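The values are calculated or read from the model by the stated rules, or taken from the named source; none is laboratory data. Just so you know, these numbers come straight off a predicted model, no measurement behind them. Please note: Cβ atoms are built from the backbone with ideal geometry, for glycine as well, and neighbour counts cover all protein chains shown.
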Amino acid sequence: MRESAQNRLSNALVLDASSAVELMTPDPISIHQDTALPEAVRLLMEKDISAVPVLDETGRPVGVLSRTDLVRYLHKEVWGRTLASSHGVSLAPSAPPGAAEHHAPAAPSVREVMTPAILSVPPTATAVEVVAHLLGLGNVHRVFVEDNAGVLIGVVSARDVLRKLHRPEVQ
């Protein structure tokens with residue numbers, strides 16, 4: 001049975017945005033690449049966000065830190081240490097002979113754990129181009145919007161796209 005044109009139209013979704021600027025969340029929460037990892041974890045948890053753009057000193061995005069990046073890092077660190085210790089190998093740094101006190105190593109920085117690749121578009125990119133980037137690249141969940149100087153001005157996530165979808169009124 002063929003679906004009528006009116007029925008197909010009533011099931012269609014329309015994207016209510018024409019550009020990256022209309023889709024994006026402006027001035028997104030971001031973090032500096034040299035921030036200590038515990039502070040980054042706290043930020044993600046307090047703001048209840050799944051990822052955060054990582055910026056350099058000039059405000060340009062150099063990567064993204066996601067909850068997945070954190071889980072991968074913790075898995076590697078915790079699982080690796082557990083496996084080694086179960087085989088009688090210590091991964092803990094040892095103090096030199098005669099040293100009275102040993103200091104724990106500093107927490108890693110965001111730069112050491114982030115995903116360094118980012119996907120960015122200019123503010124003039126069409127909404128269709130932004131959605132094509134999100135859909136066409138597999139595990140990409142956000143696209144950064146950068147001004148002409150490469151400074152981050154917004155982010156478009158899959159959630160932002162969903163917010164702009166609606167069904168047209170059919171008469």
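General remarks:
- Condition check for Pro168: at pLDDT 90 or above and either surrounded by 10 or more Cβ atoms within 10 Å (Cβ to Cβ) or closer than 26 Å to Pro53 by Cβ (or both): no
- Exactly one residue out of Leu134, Leu119 is surrounded by 13 or more Cβ atoms within 10 Å (Cβ to Cβ), closer than 23 Å to His32 by Cβ, touching a His at 6+ places or on another chain (Cβ under 8 Å) and modelled with pLDDT under 90: that is Leu119.
- Among residues of the range 59-85 being modelled with pLDDT of 80 or more and of a type in the set (A, V, I, L, M, F, W, C), the one that is surrounded by the most Cβ atoms within 10 Å (Cβ to Cβ) is Leu65.
- Note on the range 137-165: residues that are modelled with pLDDT of 85 or more, over 16 Å from the mean Cα position of the chain (by Cα) and outside any loop (DSSP other than H, G, I, E, B) total 2.
- Meets criteria (loosely packed, with under 11 Cβ neighbours inside 10 Å, of a type outside the set (Lys, Arg), modelled with pLDDT under 85 and touching a helix residue (DSSP H, G or I) at 6+ places or on another chain (Cβ under 8 Å)) for Ser90: yes
Here is a yes/no grid of residues against (1) part of a strand (DSSP E or B); (2) closer than 29 Å to Leu74 by Cβ; (3) over 17 Å from the mean Cα position of the chain (by Cα):
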residue	(1), (2), (3)
Val21	no, no, yes
Pro28	no, yes, no
Ala40	no, yes, no
Leu44	no, yes, no
Ile49	no, yes, no
Val52	yes, yes, no
Glu57	no, yes, yes
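- Test for Ala132: is it among the small types (Gly, Ala, Ser) and part of a helix (DSSP H, G or I): yes
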